[in-house]
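The values are calculated or read from the model by the stated rules, or taken from the named source; none is laboratory data. Please read these numbers as outputs of a predicted model, since none were measured by experiment. For neighbour counting, all protein chains shown are included, and Cβ atoms are generated from backbone atoms with ideal geometry for every residue, glycine included.
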C-alpha cells in the first residue's frame, strides 16, 4: 500500500432507511440537508451522497424539485462532489428513482447493482411509538418487498444518463452484484475507473464479518483488476469497524446518518460531520491522508462541478 495514497471519504447525510422517530438529528428539510452536507465537507469528506425527504413528515422523496432546493446551495458554499441517489427507496419505481440524476446531471450518481431483499422491519421492535403514521407502515412493508434492480432497470439508468457525463457509485450488497457489474463492463456500457461501493450489514445482503469484507475485495480485484476504486460502508454499529478494516486493506470509506445513526455505543450522532471527524481520525491514526474534493475528482475521473445541471 502506498504511504502517499489519498483516501476518499463519502458522507451519506440522510438516506431512506432511517425515519424521523429514530433520531432528532436526521436531516429532513432542504436547509437541514444543506447544512449537513456542507458540514461534512468541511469536516473532511470529499463526496456527499444525497437523498431528499418530504419537508413536512420526513418520508423519502425523489422529486427533483426537492433536490433543487439544496444542491445549488451546497455547490455555492463548498467544493465537495455532489452524488445523487438513483436508489431512492425500495418502494419507488425505477422511473421515479431516476429523475434527480437525469434532470440535474450530477458528477456522480449511485446505482444499485442487483435486486435483493432489503429488510428494515427489525427496526420496528426498537420503538414503542412513531412520530408519523407512515413510518411503521414503511418499515413493515420491507418484510415482503423486493428492492428491484433488474438488468433492464440498470441498463435503463445507464442509457438514460449516458449523455450527462455522470459517473456512478456502483452499490454492491453481495458478490453477485459485483458479477452483475462485470457483465455491464463486458458489454462496454460502463468504463473504468469504476467507483465500487461495497455494502455490509443490510438484512438481505452480505454480512459484516471481516471475511465478508475480504471476500468482496478479492472478488472485485479478480473481476476489475486496477480499473476500480474500492470503497465500503458498514450499516449501524458496524460503520466504524468496517471503515477501519477497509482502510487497512487499501480502501476508501463511507459514513453518514443514512448508514448509521450512532457515534459510539448508545450515543446518537449529533451530526454527519461528527461521523466524518471520527472516521478521519481513524484514517489519520493509520498514517493515511484524506483526499480533497479536487483529488477525489482526479481519482474518479469526474467531469467537474461546472458541468452539472444545477
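Some points to look at:
- Residue within the stretch 119-140 that is crowded, with 22+ Cβ neighbours inside 10 Å and either part of a loop (DSSP other than H, G, I, E, B) or over 22 Å from the mean Cα position of the chain (by Cα) (or both) present: yes
- Residue list for the stretch 192-213, restricted to those being over 26 Å from residue 18 (Cβ atoms) and either under 18 Å from the mean Cα position of the chain (by Cα) or touching a residue at least 12 places away in the same chain (Cβ under 8 Å) (or both): 192, 193, 194
- Candidate set from the stretch 164-179 (those that are out of contact with any helix residue (DSSP H, G or I) (no Cβ under 7 Å at 6 or more places or on another chain) and either part of a loop (DSSP other than H, G, I, E, B) or buried (at least 18 other Cβ atoms within 10 Å of the Cβ) (or both)); member that is modelled with the lowest pLDDT: 164
- Any hit, the stretch 150-167, residues being farther than 26 Å from residue 103 by Cβ and free of Cβ contacts under 8 Å to residues at least 40 places away in the same chain: no
- Filtered residues of the stretch 23-61 (kept if within 15 Å of the chain's Cα centre (by Cα) and closer than 16 Å to residue 86 by Cβ): 47, 48, 49, 50, 51, 52, 60
- Scanning the stretch 42-68 for residues that are at positive phi and in contact with a strand residue (DSSP E or B) (Cβ under 7 Å, 6 or more places away or on another chain) gives a single hit, 44.
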